[in-house]
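Read through the structure below, which is laid out as structure tokens, and then see the notes.
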Amino acid sequence: MLDEPETQRFRALFISDVHLGTKGCQAEMLLDFLRDHDAEVIYLVGDIIDGWRLKQSWHWPQAHNDVVQKLLRKGRKGARIVYLPGNHDEFLRDYYGTHFGGIEVVETAIHETATGRKYLVIHGDIFDMVVRHARWLAFLGDWAYETALAVNTYLNLVRRKLGLSYWSLSAWAKLKVKNAVNFIGQFEETLSAEAGKHKVDGVICGHIHHAAMHDMNGVAYVNCGDWVESCTAIAEHADGRLELIRWADRKAVEPADFGSKRQTRAPVAA
């Protein structure tokens, strides 16, 4: 069922790292996306709610509540909603195998496309050594990240007044810092290897806030990105093709090849 006449429908949508409960969350942008897109199944691939931040200070504006209500409404209208908790919403990991308002809570999932290709769906934080073995450092990094996002928020207020599009300072900095680039590469290799162990065709994950879709040693590596920096999601079309949607580029809807400089919507073979 469609929310409204012009809503685009997919077989599946994959959304991760929304971080509801933080000031950096682009909830209005996500609401805009959810109004225009629908799917038979919606995977919430972790860190949808930021329990870490909410424990420190309560921040829950109406737009954040609207996102939750929008997802619940899609579930009531027939969409299957699958929630795979991440490290920031780890409080939900005590509820694997249960349902909340029609939302399934699971640790991992295997998604099969229309053409029979199988993907391991997982948040990915369990393969992040900092999160697993040095939580104090992870929390320190989280604080620094929040600070960068606060600067980013004010920067984009100025950009909007100047008629410029959304731009992420934190995402730009991430790709300029050598250690961050190395971490992203190691994360991609580790997740792709895990998909190989499960004998599936690829992996769909989140966690590192870096949207990507490419081949990694014969395994399809797909990262949903986030709704803090890049405002991205992964969609499966009716024919099984996977597409990376960069919603911050709002109305740029033409497909682009991986080799191009601007990959607004990059399809992956099913």
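The values are calculated or read from the model by the stated rules, or taken from the named source; none is laboratory data. None of the values given here were measured: they were computed from a predicted structure. Every residue, glycine as well, gets a Cβ built from its backbone with ideal geometry; the counts of neighbours run over all protein chains shown.
Below are the figures for this structure:
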read-out: Subset of the stretch 84-122 (residues that are of a type outside the set (D, E, K, R), outside any strand (DSSP E or B) and over 19 Å from the mean Cα position of the chain (by Cα)); value: 95, 96, 97, 98, 101, 102, 114, 115, 116
read-out: Residue list for the stretch 22-46, restricted to those being at pLDDT 95 or above and either of a type in the set (Phe, Trp, Tyr) or not in a helix (DSSP H, G or I) (or both); value: 33, 37, 38, 39, 40, 41, 42, 43, 44, 45, 46
read-out: The one condition in (1) surrounded by fewer than 24 Cβ atoms within 10 Å (Cβ to Cβ); (2) closer than 21 Å to residue 100 by Cβ that residue 28 fails to fulfil; value: (2)
read-out: Some residue of the stretch 73-87 being aliphatic (A, V, I, L, M) and either farther than 18 Å from residue 41 by Cβ or loosely packed, with under 14 Cβ neighbours inside 10 Å (or both); value: no
read-out: Given (1) among the β-branched types (Val, Ile, Thr); (2) more than 18 Å from residue 235 (Cβ to Cβ); (3) assigned to a strand (DSSP E or B), number of the condition residue 81 does not satisfy; value: (2)
read-out: The stretch 53-71, residues that are modelled with pLDDT under 95 and part of a helix (DSSP H, G or I); value: 53, 54, 55, 56
read-out: Any strands (runs of 3 or more DSSP E) falling wholly within the stretch 179-239 and containing at least 1 residues that are surrounded by fewer than 15 Cβ atoms within 10 Å (Cβ to Cβ); value: 212-216
read-out: Some residue of the stretch 100-118 being aromatic (Phe, Trp, Tyr) and surrounded by fewer than 15 Cβ atoms within 10 Å (Cβ to Cβ); value: yes
